[in-house]
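The values are calculated or read from the model by the stated rules, or taken from the named source; none is laboratory data. Since this is a predicted model, take the numbers as computed values, not measurements. In this analysis, Cβ positions are derived from the backbone assuming ideal geometry, glycine residues included, and neighbour counts consider all displayed protein chains. SASA here: full protein model, heavy atoms, side chains in, ligands and nucleic acids out. Shrake-Rupley method; radii C 1.70, N 1.55, O 1.52, S 1.80 Å.
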Amino acid sequence: EIKPKEITVTYTWTPKVKPFDGTDSVILDATKGVTDYIKYDENDFKDQLVTTADKNSITPEAVTAAAFDNANVGTDKDITLNGGAAIGLTTTDAANAPIGNYVLTVIAPTGDITARVLTWDDFAFVGKVKRYDGTKTVYKDDNYSLTTDNGMAYTGAIASTDGLWAVESGITGALKTA
(Lines give C-alpha, C1' and ligand atoms only; values in the text may rest on other atoms or scores of the structure.)
Protein backbone atom coordinates (compact mmCIF):
# COMPACT_ATOMS: atom_id res chain seq x y z
CA GLU A 1 0.00 0.00 0.00
CA ILE A 2 1.33 3.40 -0.97
CA LYS A 3 0.32 6.19 1.39
CA PRO A 4 0.31 9.91 0.59
CA LYS A 5 3.40 11.80 1.68
CA GLU A 6 2.86 14.16 4.60
CA ILE A 7 4.00 17.71 3.94
CA THR A 8 3.76 20.88 6.00
CA VAL A 9 3.24 24.51 5.12
CA THR A 10 4.09 27.03 7.80
CA TYR A 11 2.56 30.48 7.46
CA THR A 12 4.00 33.63 8.97
CA TRP A 13 2.45 37.01 9.58
CA THR A 14 4.55 40.05 8.93
CA PRO A 15 5.01 42.44 10.77
CA LYS A 16 4.54 39.97 13.72
CA VAL A 17 3.36 42.81 16.01
CA LYS A 18 0.58 45.36 15.80
CA PRO A 19 -0.53 47.99 18.28
CA PHE A 20 -4.01 47.53 19.75
CA ASP A 21 -6.61 49.09 17.47
CA GLY A 22 -9.76 47.40 18.74
CA THR A 23 -9.96 44.94 15.82
CA ASP A 24 -8.87 41.37 15.18
CA SER A 25 -7.58 42.29 11.72
CA VAL A 26 -4.09 41.32 10.60
CA ILE A 27 -4.20 43.97 7.88
CA LEU A 28 -2.56 47.21 8.97
CA ASP A 29 -2.82 49.12 5.72
CA ALA A 30 -6.22 49.25 4.02
CA THR A 31 -4.56 49.49 0.60
CA LYS A 32 -3.07 46.00 1.03
CA GLY A 33 -4.60 42.53 1.14
CA VAL A 34 -4.23 39.39 3.22
CA THR A 35 -1.50 37.97 0.97
CA ASP A 36 0.64 41.04 1.67
CA TYR A 37 0.75 39.98 5.33
CA ILE A 38 0.31 36.19 5.40
CA LYS A 39 3.05 34.27 3.62
CA TYR A 40 4.77 30.90 3.52
CA ASP A 41 8.28 29.94 2.45
CA GLU A 42 7.71 28.70 -1.09
CA ASN A 43 11.14 27.07 -1.35
CA ASP A 44 10.65 25.14 1.89
CA PHE A 45 7.26 23.97 0.65
CA LYS A 46 8.57 22.87 -2.77
CA ASP A 47 11.51 21.04 -1.17
CA GLN A 48 8.97 18.67 0.41
CA LEU A 49 7.41 17.73 -2.92
CA VAL A 50 8.79 14.71 -4.76
CA THR A 51 8.74 15.19 -8.53
CA THR A 52 9.63 18.14 -10.74
CA ALA A 53 6.06 18.20 -12.03
CA ASP A 54 4.81 18.43 -8.43
CA LYS A 55 7.26 21.23 -7.61
CA ASN A 56 6.10 23.19 -10.68
CA SER A 57 2.37 22.60 -10.24
CA ILE A 58 1.30 22.07 -6.62
CA THR A 59 0.70 24.93 -4.19
CA PRO A 60 -1.35 25.43 -1.04
CA GLU A 61 -4.80 26.87 -1.62
CA ALA A 62 -4.96 30.65 -1.36
CA VAL A 63 -5.35 32.34 1.99
CA THR A 64 -8.20 34.77 1.45
CA ALA A 65 -8.91 35.78 5.05
CA ALA A 66 -6.98 35.96 8.29
CA ALA A 67 -7.81 37.29 11.74
CA PHE A 68 -6.58 37.12 15.31
CA ASP A 69 -8.64 34.97 17.68
CA ASN A 70 -9.79 38.22 19.32
CA ALA A 71 -8.84 41.91 19.39
CA ASN A 72 -7.28 41.90 22.87
CA VAL A 73 -3.65 42.59 23.70
CA GLY A 74 -1.51 39.45 23.97
CA THR A 75 1.58 37.60 22.78
CA ASP A 76 1.75 34.58 20.47
CA LYS A 77 -1.91 35.01 19.64
CA ASP A 78 -3.37 32.54 17.17
CA ILE A 79 -4.27 33.81 13.72
CA THR A 80 -7.08 31.92 12.01
CA LEU A 81 -6.75 31.47 8.26
CA ASN A 82 -9.73 31.36 5.88
CA GLY A 83 -12.21 31.53 8.74
CA GLY A 84 -10.96 28.22 10.09
CA ALA A 85 -11.75 26.28 6.90
CA ALA A 86 -9.20 23.65 5.91
CA ILE A 87 -6.51 24.74 3.51
CA GLY A 88 -5.77 22.09 0.94
CA LEU A 89 -3.57 21.75 -2.08
CA THR A 90 -4.18 22.88 -5.61
CA THR A 91 -2.47 21.86 -8.83
CA THR A 92 -2.20 23.32 -12.30
CA ASP A 93 -1.43 19.88 -13.79
CA ALA A 94 -3.71 17.22 -12.27
CA ALA A 95 -2.57 14.54 -14.74
CA ASN A 96 1.13 14.81 -13.90
CA ALA A 97 1.02 16.33 -10.42
CA PRO A 98 -1.97 14.88 -8.56
CA ILE A 99 -2.58 16.42 -5.14
CA GLY A 100 -3.82 13.06 -3.82
CA ASN A 101 -0.18 12.04 -3.40
CA TYR A 102 0.15 14.38 -0.44
CA VAL A 103 -1.47 15.11 2.90
CA LEU A 104 -1.04 18.72 3.96
CA THR A 105 -0.55 19.93 7.50
CA VAL A 106 -1.00 23.69 7.92
CA ILE A 107 0.74 25.59 10.69
CA ALA A 108 -1.05 28.90 11.09
CA PRO A 109 0.84 32.00 12.12
CA THR A 110 0.81 33.75 15.45
CA GLY A 111 1.39 37.36 16.29
CA ASP A 112 1.38 39.90 19.06
CA ILE A 113 -1.04 42.70 19.76
CA THR A 114 0.66 45.25 21.97
CA ALA A 115 -0.93 47.82 24.21
CA ARG A 116 -1.43 51.06 22.39
CA VAL A 117 0.72 53.90 23.62
CA LEU A 118 -1.74 56.63 24.35
CA THR A 119 -0.96 60.29 24.24
CA TRP A 120 -2.88 63.15 25.69
CA ASP A 121 -4.10 63.91 22.19
CA ASP A 122 -6.09 60.66 22.32
CA PHE A 123 -8.37 62.20 24.90
CA ALA A 124 -10.41 65.35 24.95
CA PHE A 125 -9.06 66.79 28.17
CA VAL A 126 -9.20 70.38 27.07
CA GLY A 127 -11.91 72.03 29.10
CA LYS A 128 -12.32 69.07 31.49
CA VAL A 129 -12.60 70.28 35.04
CA LYS A 130 -11.96 68.43 38.30
CA ARG A 131 -12.32 69.85 41.78
CA TYR A 132 -9.08 69.57 43.72
CA ASP A 133 -9.47 66.70 46.17
CA GLY A 134 -6.04 66.47 47.75
CA THR A 135 -4.81 63.79 45.32
CA LYS A 136 -2.39 64.01 42.42
CA THR A 137 -5.09 62.86 39.99
CA VAL A 138 -5.71 65.35 37.21
CA TYR A 139 -8.36 63.29 35.41
CA LYS A 140 -10.01 59.95 36.06
CA ASP A 141 -12.82 57.99 34.47
CA ASP A 142 -13.71 54.30 34.40
CA ASN A 143 -10.81 53.45 32.10
CA TYR A 144 -8.03 55.97 32.56
CA SER A 145 -6.35 57.94 35.26
CA LEU A 146 -4.02 60.88 34.67
CA THR A 147 -1.87 61.72 37.62
CA THR A 148 1.08 63.96 38.28
CA ASP A 149 3.10 61.01 39.60
CA ASN A 150 3.18 58.79 36.48
CA GLY A 151 5.72 60.58 34.30
CA MET A 152 3.49 63.39 33.14
CA ALA A 153 5.24 66.45 31.79
CA TYR A 154 3.48 69.72 31.27
CA THR A 155 4.22 71.50 28.02
CA GLY A 156 0.98 73.42 28.12
CA ALA A 157 -1.12 74.70 30.92
CA ILE A 158 -3.20 73.37 33.76
CA ALA A 159 -5.33 76.13 35.18
CA SER A 160 -6.57 76.20 38.72
CA THR A 161 -9.29 78.53 39.82
CA ASP A 162 -10.88 78.21 43.23
CA GLY A 163 -9.58 74.67 43.67
CA LEU A 164 -10.70 73.47 40.22
CA TRP A 165 -8.21 71.94 37.79
CA ALA A 166 -8.91 72.53 34.11
CA VAL A 167 -6.82 70.96 31.38
CA GLU A 168 -6.22 73.75 28.90
CA SER A 169 -3.68 72.48 26.33
CA GLY A 170 -0.41 70.78 25.43
CA ILE A 171 -0.03 68.09 28.06
CA THR A 172 2.22 65.13 27.24
CA GLY A 173 3.32 62.14 29.25
CA ALA A 174 2.41 58.68 30.42
CA LEU A 175 -1.07 57.35 30.91
CA LYS A 176 -1.94 55.02 33.74
CA THR A 177 -4.99 52.77 33.63
CA ALA A 178 -7.42 53.20 36.49
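Summary of values
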read-out	value
Per residue value of the accessible surface for the range 1-90 (all protein chains in place, 1.4 Å probe), Å²	60 Å²
J(HN,Hα) series, the range 99-113, from Karplus relation 6.51 cos²θ - 1.76 cosθ + 1.60, nearest Hz, glycine and proline x	6, x, 7, 9, 10, 9, 10, 10, 10, 6, x, 10, x, 10, 10
Accessible-area ranking of Ser57, Ser25, largest first, probe 1.4 Å	Ser25, Ser57
Environment charge at Val9 (Cβ cut-off 12 Å; Lys +1, Arg +1, Asp -1, Glu -1)	-4
Vicinal HN-Hα couplings computed from phi for the range 82-92 (Karplus, 6.51 cos²θ - 1.76 cosθ + 1.60; Hz; Gly/Pro x)	6, x, x, 5, 4, 9, x, 10, 9, 9, 9
Accessible area of the range 12-93 belonging to carbon and sulfur atoms, whole % at 1.4 Å probe	50 percent
Calculated from backbone phi, Karplus (6.51, -1.76, 1.60) coupling profile of the range 62-78 in Hz, x at Gly/Pro	5, 8, 10, 8, 7, 7, 5, 5, 7, 8, 6, 4, x, 10, 6, 6, 5
